[in-house]
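Working notes, structure below.
The values are calculated or read from the model by the stated rules, or taken from the named source; none is laboratory data. In this text, all values refer to a predicted model and were calculated from it rather than measured experimentally. Because the Cβ atoms are built from the backbone with ideal geometry, glycine has one as well, and the counts that use them run over all protein chains shown. With ligands, DNA and RNA removed, areas are computed over all heavy atoms of the protein, side chains included. Shrake-Rupley method; radii C 1.70, N 1.55, O 1.52, S 1.80 Å.
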Amino acid sequence: MTYTIGEISKLTGLTISQLRFYDKEGLMPFVKRNASGNREFTEGDAQFLGIITCLKRSGVPLKKIRQFVDWVMQGDSTIDARLQFMRDQKKYL
């Protein structure tokens with residue numbers, strides 16, 4: 001099942017403007033677009049947006065969130081970097 005930007009906004013509590021901003025800032029490379037160019041979100045995308053929201057609320061700058069997203073997109077080879085990122089964030093908090 002896929003969701004429109006309006007539906008995912010309601011599901012996640014993020015505004016459409018926030019979602020568009022996150023996309024512009026490179027935080028949502030995982031979101032696919034349909035033939036018309038509209039974003040099509042999945043359940044997995046909604047869950048990942050939850051992680052992004054959690055990182056943002058815990059004070060992580062967008063630049064660091066973008067790095068984390070890039071690591072996730074690269075796959076398992078970056079697990080150690082992601083784990084260290086989370087450990088560092090835990091110390092910060």
- Message: Being in a helix (DSSP H, G or I), touching a residue at least 12 places away in the same chain (Cβ under 8 Å) and open to solvent by 80 Å² or more (accessible area, probe 1.4 Å) is the filter here; which residues of segment 75-93 pass it?
- Response: 92
- Residues in segment 73-83 that are in contact with a helix residue (DSSP H, G or I) (Cβ under 7 Å, 6 or more places away or on another chain) and of a type in the set (Val, Ile, Thr): how many? 1
- How about segment 58-93: which of its residues are among the basic types (Lys, Arg) and more than 26 Å from residue 2 (Cβ to Cβ)? 63, 64, 82, 87, 90, 91
- Query: Taking only pairs six or more apart or across chains, which ones have beta-carbon atoms under 8 Å, a first residue in segment 51-68 that is in contact (Cβ under 8 Å) with a residue 24 or more places away in the chain, and a second residue that is open to solvent by 70 Å² or more (accessible area, probe 1.4 Å) and charged (D, E, K, R)?
  - Reply: 55/64; 62/56; 65/56
- Go through segment 43-64 residue by residue and tally those that are assigned to a loop (DSSP other than H, G, I, E, B) and surrounded by 15 or more Cβ atoms within 10 Å (Cβ to Cβ). 1
- Message: Just the residues that are assigned to a loop (DSSP other than H, G, I, E, B), farther than 20 Å from residue 66 by Cα and among the hydrophobic types (A, V, I, L, M, F, W, C), please, taken from segment 1-35.
- Response: 1, 35
